[in-house]
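Working notes for the structure below.
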Amino acid sequence: MTRAIAAFRESRSSLMSRDAPIVFVVDDDVSVRESLEALIRCEGWEPETFASAQEFLARPRVGVPSCLVLDVSLPDLNGLDLQNRIAADRTDMPIIFITGHGDVPMTVRAMKAGAVEFLTKPFEDETLLSAIRNAIGRSQTTLDHEAKVRKLRDSYASLTPREREVMALVVSGLLNKQVGRELGISEITVKGHRGKVMEKMKADSLAELVKMDARLCLRTAPTWISNPSPAV
């Protein structure tokens, strides 16, 4: 194989691995890590294995679909405690628990904390692979939602203070003349600000703007109405 071909294949492999979903495995049993790594790679996913919770915690969050295959019994921080540690920060990474000594209370605790599956060793390869497919699908959905919210936040950040005031009153159900009365500006001025809001938020209708407001968790009943900013 020539150097050029080898370099091309290496570059292509690197590109594929960057785009592929990542399956993290945390298990202190090296034989389990190695077998799961081979199984995961055969499915086209990118495996990353860790012998302890602390090793995994040192890994920065990734921006591709992912999931965590997590053993309950670990040498430093156990799997359930690790789940509690990362639950709020890594909502885009579903957790699949695996254990050789599971019981009902343990399973209930894990599932209530958000785990998508709890498997007892030994389990069939396809059982785990099915759980991983489901988890990666959930991860992709979460990442897509987060991307849309970030885009909405960027659009909202581009609004002027007055445009935000107008948007808040419009989505609360007030007519243009009512918005103008609340803010001490003319109806024509309100229409101008409203048009800018629709343009910057990329909203095709009032209904869509209301949905955007809900996604952003914005307050639609501002406390500043009694003391509005100077007319613009």
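Coordinate-derived values only; no laboratory data. All of these numbers come straight from a predicted model, not from anything done at the bench. Positions of Cβ are backbone-derived with ideal geometry, glycine not excepted, and every protein chain shown enters the neighbour counts.
Taken one residue at a time, the phi angles of region 181-191 give Karplus couplings (6.51, -1.76, 1.60, θ = phi - 60°) of 5, 5, 9, x, 10, 6, 5, 4, 5, 4, 4 Hz. Gly and Pro are set to x. With a threshold of 20 Å on the Cα-Cα distance, the over-threshold entries among Lys177/Lys200; Lys151/Lys202; Lys112/Lys148; Lys151/Lys177; Lys112/Lys151 are Lys177/Lys200; Lys112/Lys148; Lys151/Lys177; Lys112/Lys151. Net charge of the neighbourhood of Val179, taken over other residues with C-beta under 14 Å away and scored Lys/Arg +1, Asp/Glu -1, is +3.
Tell me, what is the FRET efficiency for Asn78 and Met111 to the nearest 0.05, using R0 = 22 angstrom and their Cβ-Cβ distance as r? If you can, show how the numbers build up before the last one.
Numbers: r = 16 Å, r/R0 = 0.74.
The pair Asn78/Met111 has a calculated efficiency of 0.85.
The phi torsions of region 199-204, fed into the Karplus equation with coefficients 6.51, -1.76 and 1.60 and a -60° offset, translate into couplings of 5, 5, 7, 6, 9, 8 Hz, rounded to whole numbers, with Gly and Pro shown as x. Under 5 Å between amide hydrogens, built in the peptide plane, is the criterion, and for Leu74 it picks out Gly79 among residues at least 5 positions away or on other chains. Sequence-distant contacts, meaning Cα pairs under 8 Å at least 6 residues apart, place the relative contact order of region 3-149 at 21 percent.
Could you sort the peptides 92-99, 173-180 by per-residue average Cβ neighbour count (10 Å cutoff), highest mean leading?
Details: 92-99: 22.6, 173-180: 15.9.
Packing proxy ranking, top to bottom: 92-99, 173-180.
So if we plug the beta-carbon distance of Val104 and Asp144 into 1/(1 + (r/R0)^6) with R0 = 41 Å, what FRET efficiency do we get, rounded to 0.05? Walk me through the intermediate numbers first.
On the way: r = 35 Å, r/R0 = 0.85.
Efficiency, rounded to the nearest 0.05: 0.75.
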